[in-house]
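The values are calculated or read from the model by the stated rules, or taken from the named source; none is laboratory data. Keep in mind that this is a model prediction, so the values were computed, not measured. Note that we place each Cβ from the backbone using ideal geometry, even for glycine, and neighbour counts take in every protein chain shown.
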Amino acid sequence: MDHQGRDLMEEAHSVKLAYRPTRADILTGIRTRDRIRKLTVVRAVLMAPFVLVVVLGAFVGVGVVSLVLSAVCACAIWFTPHLQAHHVLKTVSWQGEYRTTVSGAGISAETEHTVLLQRWSIFRGYRETRDHLVLLSRDPNILLVEILPKRGVADPADIDRLRTLLSHHLHRV
């Protein structure tokens, strides 16, 4: 089969998505990565002493400055994923609509300003949430997270095709 024939076969077995990234999309990816890396547990452990100071301080009579600083620290630790999502959204939102194609070759994302092809070998696996399919990179810290919002498909039946494609190349984590 010639190159053009392979391209046509690839096209027939691909799933296309079109979407503008939202803060909720990015937050879902960050939260998914954090759960896999057990960072939600780490965040809770780091936050606990500050919450304890706030709770006990109300009864024992800890100074107002200590109470306020402890509350601010606890909130900062808890809302770190939200801050990260806000920062990432500022970084990618100016690129406009993403046109993403998931195929046997990998995932190709195109905007008005960029084209990016990520081969399957870069990912360790994927996890499905209610509204997203989140792909996680192989590196130990999972620095790369690819988020595929289900709302991006033209036909709801494409979500099943997308799951099948992902399952063929990656495993669920």
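Listing for the model above:
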{"quantity": "Residue selected from region 57-102 under the condition aromatic (Phe, Trp, Tyr) and more than 17 Å from the chain's Cα centre (by Cα), by the criterion farthest from ASP34 (Cα to Cα)", "calculated": "PHE59"}
{"quantity": "Every pair of residues 6+ apart whose Cβ atoms lie under 6 Å, when the first sits in region 135-147 and is on the phi > 0 side of the Ramachandran plot while the second is in a strand (DSSP E or B)", "calculated": "ILE142/LEU136"}
{"quantity": "Any chance ALA109 is under 20 Å from the mean Cα position of the chain (by Cα), more than 16 Å from TYR19 (Cα to Cα) and at pLDDT 95 or above", "calculated": "no"}
{"quantity": "Where a residue in region 162-173 is of a type outside the set (A, V, I, L, M, F, W, C) and its partner, wherever it lies, is surrounded by 11 or more Cβ atoms within 10 Å (Cβ to Cβ) and part of a helix (DSSP H, G or I), with Cβ under 6 Å and at least six apart", "calculated": "HIS169/TRP120"}
{"quantity": "Unmet criterion (only one of (1) at pLDDT 95 or above; (2) surrounded by fewer than 12 Cβ atoms within 10 Å (Cβ to Cβ); (3) aromatic (Phe, Trp, Tyr)) for PHE59", "calculated": "(1)"}
{"quantity": "Residues of region 14-30 satisfying the condition of being surrounded by fewer than 17 Cβ atoms within 10 Å (Cβ to Cβ) and farther than 23 Å from LEU117 by Cβ", "calculated": "THR22, ARG23, ALA24"}
{"quantity": "Enumeration of residues in region 75-101 that are in contact (Cβ under 8 Å) with a residue 24 or more places away in the chain and surrounded by fewer than 15 Cβ atoms within 10 Å (Cβ to Cβ)", "calculated": "HIS82, HIS86, SER93, GLY96, GLU97"}
